[in-house]
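The values are calculated or read from the model by the stated rules, or taken from the named source; none is laboratory data. All values derive from a computational prediction rather than experimental measurement. Using ideal geometry, Cβ is built from the backbone for each residue, glycine included, and neighbour counts are taken over all protein chains shown. We work out accessible area using only protein heavy atoms, side chains counted, and drop any ligands, DNA or RNA first. Shrake-Rupley method; radii C 1.70, N 1.55, O 1.52, S 1.80 Å.
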Amino acid sequence: FRVTLTLENNGSVARDHLASERTFLAYVRTSLALASTGVALVQLFSISTRNSDGTSFPDANLLHNYARPLGATAILLGLLVLAIGSARFFIVQEKLTRGVFPVAR
């Protein structure tokens with residue numbers, strides 16, 4: 001048993017659905033960039049605080065105090081952007097399916 005939804009293409013139904021999907025993918029791309037930046041910040045600061053002989057710089061603790069919270073903030077911001085994008089996508093898809101989404105001007 002398979003249920004499919006077919007919409008009548010009067011006007012721009014297909015174009016609207018594809019535009020909604022492109023917008024969702026932009027949210028995903030942005031959230032991935034933010035989360036990757038957070039991971040890179042933590043890794044960069046942990047690598048840059050080491051000397052070639054394995055010892056730490058005198059100010060290494062100061063850098064670590066800022067790197068981890070800054071990296072965690074970037075990762076959480078990325079997750080927030082992903083949640084907002086996902087919620088927006090499903091709200092818009094539901095409205096487009098019902099045919100009540102306002103037309104762009």
TODO: Kindly indicate whether any position in segment 83-100 is over 25 Å from the mean Cα position of the chain (by Cα) and either modelled with pLDDT of 95 or more or not in a helix (DSSP H, G or I) (or both).
DONE: yes
Open item on the list: Whether any residue in segment 52-74 is in contact with a Ser or Thr (Cβ under 8 Å, 6 or more places away or on another chain), open to solvent by 90 Å² or more (accessible area, probe 1.4 Å), modelled with pLDDT of 90 or more and under 15 Å from Arg29 (Cα atoms) is what I want to check.
Closed with: no
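Taking Val42, is it open to solvent by less than 60 Å² (accessible area, probe 1.4 Å), at pLDDT below 90 and of a type in the set (A, V, I, L, M, F, W, C)?
Yes, satisfied.
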